[in-house]
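Following: one structure in structure tokens, then a few remarks.
What follows draws every value from the coordinates through simple rules; no lab data is involved. Bear in mind the structure is a predicted one, so any value in this text is a computation, not a measurement. When we count neighbours, we look across all protein chains shown, and the Cβ atoms used for this are built from the backbone with ideal geometry, even at glycine.
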Amino acid sequence: MQPRPELPSHVPAVVVGAGYAGLSAALSLQDRGIDVLLLEASDRVGGRVLSEQRSSIVVDHGGQWVGPTQQRLNAWAKRFDCPTFPTWNVGEHVDIWLDGSKSRYTGIGPDQGAGMAEYLEAIDRLNDLSSRIVLDDPSSTPELEKWDSETVYSFLDRTVGSGDARRRVALAVQGVWSCEPRDLSLFHLLFYIASAGSYEQLMETEGCAQERRFVRGAQDPALAVAAALGDRLRLGTRVLGIEHRDDTAIVHTRDGSVHTDRVVLATPPPATAKLEFDPPLPMSRDRWIHRSPMGDVAKVHAVYSTPFWRADGLSGQATLYGQHPVGVVFDNSPPDAEQGVLVAFVYGDRLRNWLALEPEDRRTAVVDTLRHVFGEAAADVVDYAEKVWPTDQLTGGGYAAVPAPGTWFEHGTAGWRTPAGLIHWAGTETATEWNGYIDGAISSGERAAEEVAAALLASATVG
Ligand SMILES: Cc1cc2nc3c(=O)[nH]c(=O)nc-3n(C[C@H](O)[C@H](O)[C@H](O)COP(=O)(O)OP(=O)(O)OC[C@H]3O[C@@H](n4cnc5c(N)ncnc54)[C@H](O)[C@@H]3O)c2cc1C
């Protein structure tokens, strides 16, 4: 094994965490001519985005889609020449209802589906309320206390008469936030909708968040940025803690320490909570971090020799109500459709139940569900892969952190992303636009880099 090069004794800026946020912060600083060191605990970049080459196909175990309004990720795709292709969205989707009945539909949901009319009314209401969120400064939203004191569960119970319509919103909550409506503050849901532009932007494919995928996997732009950073990126370098004084910070790692003028922490809240800070973080930031658990999601890929469902006029997309382990399925086949790939999402309560099974039974449960939706051909799986994000030690889950009810109201003003002395905050959880998404991670890194550049300039001017 090659000995790892020693850490420099001093760099003007240190960024911690080489997910899309940390990569973005480091790249922005480098683009501004600021010497930066990016420290990443694992042996790869990308964090919650992980693309794996399996025989002839690439499997995206984490973040994968890019939508047309996600300007930063699209800009990276262009800058680093990372081709994308449209998500397969042709044919009819399948809706499996509570009683096991199956309907095929196009558009947002089955026209005659149970509770559809009230579901659409509820969505209008949520879109309407979300327009009142003050995006740049969410804590100044006039209804903050009221909305952050209520869970999405109690809001739906109070405002949506039809149980079937409530079930449809609940499935959307599980699909987009990877948690249950009882875990989610109404305020955070509305903030997230506002941050994406609309409920439809979060939910839909064409023109929306699920529109396109990366030909070489969604880690492609991250790998390109890593190459651009060269030796300014250190993999396998886990940060343990940060000493931060008035004019200098010391970042302690397993391989030694580095002095710096500014730190950008681009780690997810549960990973940040594991670091030791001396002095401790301000109370609001500390509480925000500790009250922001990650969502619970697993992504399961079933690979077939062909996308057989297309011959039956099906898109490969399905939504499942009731006791199935899987909530949503998409066609994740490669652009040339040389093989067929279905990706199944397991989240919230479903994930907890499914994880209690032995690995072989977990696979059987998913494949049986796919057979129920797409027919017997779904049993002929040629490859199978699952990634359970809550057991990932360095990210702690996904898609993103979900601040508990009351957290925005009690700690949002100072705790969301206000720098703590020399420490600046990045990570998708600190983004104004596309919070929770890759695009939000990139913009958060750009904002943190801007803060650092301004601070370094100010201290140089004073000095
Ligand atoms: C299953 C799943 C599906 C998703 N689907 C989509 C999608 O289709 N489209 C989309 O836009 N988004 C999607 N997301 C969300 C998206 O992946 C995330 O929002 C984004 O990748 C977060 O980036 P980040 O840089 O903020 O954090 P992360 O990617 O979590 O990066 C944090 C980094 O910090 C490192 N780290 C942690 N602790 C330390 C330490 N002590 N020292 C050094 N390094 C440390 C970690 O190893 C990691 O590399 C999905 C996420 C998941 C999990």
Considering the dipole of the chain built from charges on the beta carbon (Lys and Arg +1, Asp and Glu -1) around the Cα centre, which of Ile123, Ile242, Cys82 is farthest to its positive end?
-> Ile242
Kindly state, to the nearest 0.05, the FRET efficiency for Thr413 paired with Phe85, given R0 = 45 Å and r defined as their beta-carbon distance.
-> 0.60
Among beta bridges assigned by DSSP with both residues in the chain, the antiparallel ones amount in percent, to the nearest 5, to 70
Segment Asp368-Asp231, extension gain: residue separation times 0.36 nm, minus the distance between their alpha carbons | 44.6 nm
Of the GluC sites (Glu not before Pro) in the stretch 323-411, those whose Cβ has at most 16 other Cβ within 10 Å and which sit in DSSP loop | Glu338
Arg262, Arg158, Arg182 arranged by Cβ crowding within 10 Å, fewest neighbours leading | Arg158, Arg182, Arg262
For the chain, the longest principal axis of the Cα atoms and the Cα long axis of helix 116-130 enclose an angle in degrees, to the nearest 10, of 20
Let me have the 222 nm mean residue ellipticity of the chain computed from DSSP H runs of 4+ only, each contributing -39500 (n - 2.57), with the sum over all residues rounded to the nearest 500.
-> -10500 deg cm²/dmol
Rounded tilt (10° steps) of 438-462 against the dominant C-alpha axis of the chain | 10
A convex hull over the alpha carbons of the stretch 316-463 yields, per residue, a volume in Å³ of 174
Debye intensity ratio in log₁₀ form over the Cα atoms of the stretch 362-411, taken at each q of 0.21, 0.25 Å⁻¹ | -0.81, -0.92
Gly63's amide H: which non-local residues (gap 5+, or another chain) put their own amide H closer than 5 Å, with H modeled 1.01 Å from N in plane and none for Pro or chain starts?
-> Val49, Leu50
Counting only DSSP beta bridges with both partners in the stretch 1-137, the antiparallel fraction in percent, to the nearest 5, comes to 65
Extend 7 Å from the Cα of Glu6 along its Cα-to-C-beta direction; within the stretch 242-256, residues with backbone N under 17 Å of that point are 251-256
Shape call for the stretch 217-357 from the C-alpha gyration tensor, a ≥ b ≥ c root eigenvalues: rounded (a/c under 1.5), prolate (a/b greater than b/c) or oblate?
-> oblate
Calculate, in nm to one decimal, what Ser55 and Asp255 gain on full extension: separation in residues at 0.36 nm each, minus their alpha carbon distance.
-> 68.4 nm
5 Å binning of all Cα-Cα separations within the stretch 111-203, expressed as whole percents from 0 upward = 3, 15, 25, 28, 19, 7, 2, 1, 0
Once phi is turned into ³J(HN,Hα) by the Karplus curve 6.51 cos²θ - 1.76 cosθ + 1.60 with θ = phi - 60°, what whole-Hz value does each residue of the stretch 394-408 show in order, with x for glycine and proline?
-> 8, 10, x, x, x, 5, 8, 6, 10, x, 5, x, x, 5, 4
So for the pair Leu98, Leu357, with labels modelled 7 Å out along Cα→Cβ, what separation do we get in nm?
-> 2.3
Least to most buried among Val381, Val49, by other C-beta atoms within 10 Å and fewest first, runs Val381, Val49
Using alpha carbon centers only, the stretch 122-185 is separated from the stretch 57-110 by a whole-angstrom value of 23
How much FRET efficiency would the formula 1/(1 + (r/R0)^6) give for Arg32 and Ser131, where r is the Cβ-Cβ distance and R0 is 45 Å, rounded to 0.05?
-> 0.80
Based on a Kirkwood Rh over C-alpha pairs, give the Stokes-Einstein translational diffusion coefficient of the chain at 20 °C and viscosity 1.002 mPa s in µm²/s.
-> 94
Determine ³J(HN,Hα), in whole Hz, for all residues of the stretch 32-46 in sequence, where each value follows from phi through the Karplus function 6.51 cos²θ - 1.76 cosθ + 1.60 and θ = phi - 60°; x replaces Gly and Pro.
-> 8, x, 9, 6, 9, 10, 10, 9, 10, 5, 8, 8, 8, 9, x
The stretch 206-250-the stretch 325-390 distance, computed between alpha-carbon centres (Å) | 29
In the stretch 1-73, which trypsin sites (Lys or Arg not before Pro) are in a loop and have at most 16 other Cβ atoms within 10 Å, using DSSP for the loop call?
-> Arg32, Arg44
Pop a pseudo-label 7 angstrom from the Cα along the beta-carbon direction at both Asp383 and Gln323 and give the gap in nm to one decimal.
-> 3.4
List, in order, the whole-Hz ³J(HN,Hα) value for each residue of the stretch 351-358 obtained from phi through the Karplus relation with A = 6.51, B = -1.76, C = 1.60 and θ = phi - 60°; use x for Gly and Pro.
-> 5, 4, 5, 5, 5, 6, 7, 5
